[in-house]
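Accompanying notes for the structure given below.
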Amino acid sequence: MKKILITGANGFLGQHLCLFLVEKGYEVVATGRGDCRVPSGDLHYYKCDLTESNEVALFLNVHAPAVIIHTAAISKPDDCNADKASCLNTNVEATRYLLQTGSSHFIYISTDFIFGENGPHEEDEFPDPLNFYGESKLQAEKLVKGITGKTTIVRPAFIYGEIWQGLKGTFLHWVKNNLEQGKPIKVVSDQLRTPTYVIDICKGIETIINKEATGAYHLAGKDIVSPYEMALTTAKVAGLNAGLIEKVTADTFPEPVKRAKRSGLKIEKAQRELGYNPVSFEEGVRLTFEGNV
Ligand SMILES: NC(=O)c1ccc[n+]([C@@H]2O[C@H](COP(=O)([O-])OP(=O)(O)OC[C@H]3O[C@@H](n4cnc5c(N)ncnc54)[C@H](OP(=O)(O)O)[C@@H]3O)[C@@H](O)[C@H]2O)c1
């Protein structure tokens, strides 16, 4: 089995990917900034600050992974806006350092935020990021496209899935927690997304590794829904009071960072070429809360 390096192993996607690929029998080498938070004894975890080029070069030399899945990033648009230098250092420069070896299959986890309005978007549509986070991810994509080795760009959107100790809850968990406590919530109905069940991304990436598929792939959900509709589905699946959910428009919450009204990703290319077959949003919510609904 191939040796796979997962960066950002303590993050939401990183932890899920580690567990998924270890379970499938791959040799997983994982890196993060702090102590290991991945609940698995079957992987090799190392602390590595990806913004330190020497540290990264040494690490790649010693471990020589066949595949690098680069999930590490400053992934919150508001944080990127608040500290642009740190955003560029982490999202762009760290990607440059990881690309140094050139001998691994490099799988870069990007985002729908590289696009602007009028989604859902196809893989080769013209990028038009609306905020600095999207701009930084686009710059990293350009570095990935610029090297001659085997590279793949994976774009998910609005990732959700199961959580455990050491993982922060997603939007769905926020909705469920509030409704369980009988608290009313206001949720935006004039933004459209294609939320992605995290295990679907893991399955899509495993196929990319095995097929050695290169180029760009959208690994997103198949349903186009607003956060308000996501909240209603969460209430339905969890058997909670949907009457507590108030429908509002995005201008109710003035944000420092611009976000698209109609975002989302088209997945036909991944369906056609990878056999990608994501669950429906309702099924994904069910799987997310399975066992504790
Ligand atoms: N979440 C979404 O809805 C979504 C949607 C589309 C695309 N994406 C992309 O998917 C990827 C994973 O997202 P996520 O939600 O799983 O992110 P996340 O939970 O924020 O995890 C990102 C990880 O990167 C690590 N990291 C940050 N700076 C680092 C550095 N200098 N050196 C080493 N590690 C560093 C963080 O470590 P610490 O824990 O130590 O801070 C964190 O664990 C990101 O590239 C993001 O852009 C996410």
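Just so it is clear, none of the values below were taken in a lab; they were calculated from the coordinates. Predicted model only: the values in this text are computed from it and were never measured. All Cβ positions, even for glycine, are placed from backbone atoms using ideal geometry, and neighbour counts span all protein chains on display.
Relative to the first principal axis of the alpha-carbon coordinates of the chain, what is the inclination of helix 12-23, with its axis defined by its Cα atoms, in degrees from 0 to 90 and to the nearest 10?
With both axes taken from Cα atoms, the answer is about 60 degrees.
For the range 77-236, what log10 I(q)/I(0) values come out of the Debye formula at q = 0.13, 0.14, 0.21 1/Å, with one point per alpha carbon and no solvent?
-0.72, -0.83, -1.47
Can you compute 3J(HN,Hα) from phi for each residue in the range 175-182, using the Karplus curve 6.51 cos²θ - 1.76 cosθ + 1.60 with θ = phi - 60°, rounded to whole Hz and x for Gly and Pro?
Calculated HN-Hα couplings, in order: 4, 4, 4, 5, 5, 4, 8, x Hz.
Roughly how tilted is helix 227-238, in degrees to the nearest 10 and between 0 and 90, from the longest Cα axis of the chain?
That helix lies at roughly 80 degrees to the long axis.
If amide hydrogens are placed 1.01 Å from N in the peptide plane, which non-local residues have theirs closer than 5 Å to the one on Ala216?
Ile153
Only Cα pairs within less than 10 Å get springs; with that Gaussian network setup on the chain, which residue of Thr101, Thr252, Thr90 has the largest fluctuation?
Thr252
Pull up all non-local amide H partners of Tyr46: gap of 5 or more, or a different chain, and H-to-H distance under 5 Å with H placed in the peptide plane.
Under 5 Å from the amide H of Tyr46: Ala30, Thr31, Gly32.
Apply the a/c threshold of 1.5 to the C-alpha gyration tensor of the range 133-220 and tell me whether it is rounded, prolate or oblate.
Prolate.
Of Val29, Val248, Val279, which is the most mobile in a GNM of the chain whose springs link Cα atoms less than 10 angstrom apart?
It is Val248.
Of Ile109, Ile185, Ile69, which is the most mobile in a GNM of the chain whose springs link Cα atoms less than 10 angstrom apart?
Result for the chain, Cα springs under 10 Å: Ile185 fluctuates most.
With a ≥ b ≥ c the root eigenvalues of the C-alpha gyration tensor of the range 1-134, is it rounded (a/c under 1.5), prolate (a/b larger than b/c) or oblate?
Prolate, since a/c reaches 1.5 and a/b exceeds b/c.
When the helix-only estimate is applied to the chain (DSSP H runs of n ≥ 4, each -39,500 (n - 2.57), divided by the residue count), what is the mean residue ellipticity at 222 nm, nearest 500 deg cm²/dmol?
-10500 deg cm²/dmol
For the range 71-169, just say rounded, prolate or oblate: build the C-alpha gyration tensor, square-root its eigenvalues into a ≥ b ≥ c, call rounded for a/c under 1.5, and beyond that prolate if a/b exceeds b/c, oblate if not. Present the calculation step by step, with values, prior to reporting the outcome.
Values: a/c = 1.33, a/b = 1.16, b/c = 1.14.
Note, shape of the range 71-169 comes out rounded.
Report the Cys residues of the chain lacking a disulfide-compatible partner, meaning no second Cys Cβ under 4.7 Å from their Cβ.
Cys18, Cys36, Cys48, Cys202
If you fit an axis through the alpha-carbon atoms of helix 132-146 and take the longest principal axis of the Cα set of the chain, what angle between them do you get, 0 to 90°, nearest 10?
Compared with the principal axis, the helix lies near 30 degrees.
Please turn the phi angles of the range 246-257 into ³J(HN,Hα) values with the Karplus equation 6.51 cos²θ - 1.76 cosθ + 1.60 (θ = phi - 60°), one per residue in order, whole Hz, x for glycine and proline.
Once rounded to whole Hz, the list reads 9, 7, 9, 9, 4, 6, 5, 10, x, 10, x, 10.
When you take every Cα atom in the chain, what is the radius of gyration, and what is Dmax, the widest Cα pair distance, in Å?
When restricted to Cα atoms, the chain yields Rg and Dmax of 18.6, 57 Å.
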